[in-house]
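Undergrad: Below you'll find the structure I mean.
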Amino acid sequence: MNAFEFNNPTKIIYGKGEIKKLETNIPPQSKILLAYGGGSIKSNGIYEQVVAAISDFKVTEFAGIEPNPHFETLMKAVNIIREKNIDFILAVGGGSVIDGCKFISAAVHYQGDEWDLVEKGLARKQEKVVPFGTVLTLPATGSEMNSGGVITKASTQQKRTFGGPQYFPVFSVLDPAVIQSLPKRQIANGIVDAFTHVMEQYLTYKHDAILQDRISEGILQTLIEIGPGIMENPKDEKLAGNFMWSATMALNGLLRLGVPTDWSTHMIAHELTALHGIDHARTLAIIAPNLYRKLFEDKKEKLAQYGKRVWNLKGESEIEIAEKAIEKTVDFFESLGIDTRLSDYTEDYSDTAQIVHDRFKERKWLGLGERQKVGPELAKAIVEMSY
Ligand code: NZQ
Ligand code: ZN
């Protein structure tokens, strides 16, 4: 196992009805920016619960943070906070609202072009940030318990990641009842996003961190076990709770400790959202299987382990099991109603591989992945294979 340090300061408040605990978890006398998305919280009772819990505070609302949140929208919130001297942000939503609030947290006290916080990685150096907490409404990204974010500059169709230890939420409320109002499409997205997060910290090469592998396999098996049921019955409290906690555990930093990781599925897939507006999880389902196929030689041992332990596959050889494991993964995504080819989502895809190639080159992403092999050429080949 490689050396590591681990510090995750986010307090998790899990349970049905626990939104009421906002009152005692937000620092007293805070002036709050209550940030949310396009309004789902107003039709499912979450808004009422939040407003009741923070009624003793001075609150300014900021609505309209869109999926794949836009820099342009978030800057409006930054200006409101600056004008009103707001000192705490409450993000109520899915990954987009939470990531958006991480950016807002970074930008308020930054002097300069705020996009540099993302593009030039300056968010990591920003010392003065605005603290924030979250009420998660969509289990998927793990953003509620990690310190990264992804935002989009709409004017240039750029979707970029940023982060730093100062962007952990102070707390996150995980009430599994929020799942009840999620459309099937978003539940399926959440399962596939969480699944892929685990795979990126697991599907590399064999190492000696036994526990990390077993935890990863446990999360994958849980998602496979509960996936079909939660799609059919989001009111099932047992399934909802396990889904929510699996998604949080998939990307809260625990799985990557001391092991090789390969985030290239996400880095390629973000370009498909940036260029074609496809839901985040669906871009992963398009890219991941072909990335595994292209990097089969490097990943075959781990693919076979995954096939045997997670899917109970048997076969003549390790190679056969590894190949079957990729097919099982594709079948699983498709069983949730998620298409796995770019052409299923857009007709206008023919330039995509070349643009991805050029963007990788421009950003000097020459060697992503556990063996630093995924550069512009391989990224292009993987996207072409995904048409
Ligand atoms: O905006 P509203 O009206 O709230 O509707 C949202 C949105 O349309 C809706 N929704 C959320 N909770 C709901 C609900 N509808 C009914 N009932 C509820 N309880 O769902 C839609 C999608 O929401 P969004 O927040 O965009 O989805 P998700 O949580 O999948 O977040 C995706 C974003 O997170 C980034 C993605 O790239 C993407 O931008 N990611 C962030 C990560 C991180 N910070 O660690 C890691 C991930 O890999 C991912 O990249
Ligand atoms: Zn993701």
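Undergrad: Can you find a residue in segment 173-189 that is more than 16 Å from the chain's Cα centre (by Cα), away from ligand 1 (no atom under 12 Å from the Cβ) and surrounded by 23 or more Cβ atoms within 10 Å (Cβ to Cβ)?
TA: So far as segment 173-189 goes, yes, one or more of its residues are more than 16 Å from the chain's Cα centre (by Cα), away from ligand 1 (no atom under 12 Å from the Cβ) and surrounded by 23 or more Cβ atoms within 10 Å (Cβ to Cβ).
Undergrad: Follow-up question, since we're still on this one. Tell me the residue from 140, 106 that is among the aliphatic types (A, V, I, L, M), within 17 Å of residue 280 (Cβ to Cβ) and in contact (Cβ under 8 Å) with a residue 12 or more places away in the chain, please.
TA: Selected residue: 140, the only one of 140, 106 that is among the aliphatic types (A, V, I, L, M), within 17 Å of residue 280 (Cβ to Cβ) and in contact (Cβ under 8 Å) with a residue 12 or more places away in the chain.
Undergrad: Continuing with this model, one more query. I'm trying to understand the selection: among the residues of segment 338-369, which are in contact with an Asp or Glu (Cβ under 7 Å, 6 or more places away or on another chain) and over 20 Å from residue 285 (Cα atoms)?
TA: Within segment 338-369, 359 is the sole residue that qualifies.
Undergrad: OK, next. Can you name the residue in segment 297-313 that is out of contact with any helix residue (DSSP H, G or I) (no Cβ under 7 Å at 6 or more places or on another chain) and without any contact (Cβ under 8 Å) to a residue 40 or more places away in the chain and is also surrounded by the fewest Cβ atoms within 10 Å (Cβ to Cβ) among such residues?
TA: If we take residues in segment 297-313 being out of contact with any helix residue (DSSP H, G or I) (no Cβ under 7 Å at 6 or more places or on another chain) and without any contact (Cβ under 8 Å) to a residue 40 or more places away in the chain, then 297 is surrounded by the fewest Cβ atoms within 10 Å (Cβ to Cβ).
Undergrad: Among the listed residues 328, 380, identify the single one that is in a helix (DSSP H, G or I), among the charged types (D, E, K, R) and more than 30 Å from residue 226 (Cβ to Cβ).
TA: Of the residues listed, the single one that is in a helix (DSSP H, G or I), among the charged types (D, E, K, R) and more than 30 Å from residue 226 (Cβ to Cβ) is 380.
Undergrad: Looking at (1) in a helix (DSSP H, G or I); (2) under 13 Å from the mean Cα position of the chain (by Cα), can you tell me which one residue 81 breaks?
TA: Condition (2) is where residue 81 drops out.
Undergrad: Is it true that residue 41 is more than 27 Å from residue 177 (Cβ to Cβ) and either in the same structural domain as residue 117 (by TED's automatic domain parsing) or assigned to a strand (DSSP E or B) (or both)?
TA: No; evaluated as a whole, the condition is false for this residue.
Undergrad: Taking the residues in segment 190-237 that are more than 21 Å from residue 325 (Cβ to Cβ) and in contact (Cβ under 8 Å) with a residue 24 or more places away in the chain as candidates, determine which candidate is nearest to ligand 1 (Cβ to nearest atom).
TA: 190
Undergrad: Being away from ligand 1 (no atom under 12 Å from the Cβ) and crowded, with 23+ Cβ neighbours inside 10 Å, is that true of even one residue in segment 91-105?
TA: yes
Undergrad: I'm trying to understand the selection: among the residues of segment 131-170, which are surrounded by 20 or more Cβ atoms within 10 Å (Cβ to Cβ) and over 25 Å from residue 200 (Cβ atoms)?
TA: Within segment 131-170, 132, 133, 135 qualify.
Undergrad: Whether any residue in segment 215-223 is crowded, with 23+ Cβ neighbours inside 10 Å, within 14 Å of ligand 2 (Cβ to nearest atom), at pLDDT 95 or above and closer than 22 Å to residue 374 by Cα is what I want to check.
TA: no
Undergrad: Can you pull out the residues in segment 340-359 that are in contact with a helix residue (DSSP H, G or I) (Cβ under 7 Å, 6 or more places away or on another chain), part of a loop (DSSP other than H, G, I, E, B) and not aromatic (Phe, Trp, Tyr)?
TA: 340, 341, 346
Undergrad: When you check residue 239 against the structure, is it assigned to a helix (DSSP H, G or I), away from ligand 2 (no atom under 16 Å from the Cβ) and closer than 30 Å to residue 154 by Cα, yes or no?
TA: No, not satisfied.
Undergrad: Considering each of 72, 5, 48 in turn, give the residue that is more than 10 Å from ligand 1 (Cβ to nearest atom) and under 23 Å from residue 279 (Cβ atoms).
TA: 72
The values are calculated or read from the model by the stated rules, or taken from the named source; none is laboratory data. Given the structure is predicted, the values throughout are model-derived calculations rather than measurements. A quick note on method: Cβ atoms are made from the backbone with ideal geometry, for glycine too, and the neighbour counts reach across all protein chains shown.
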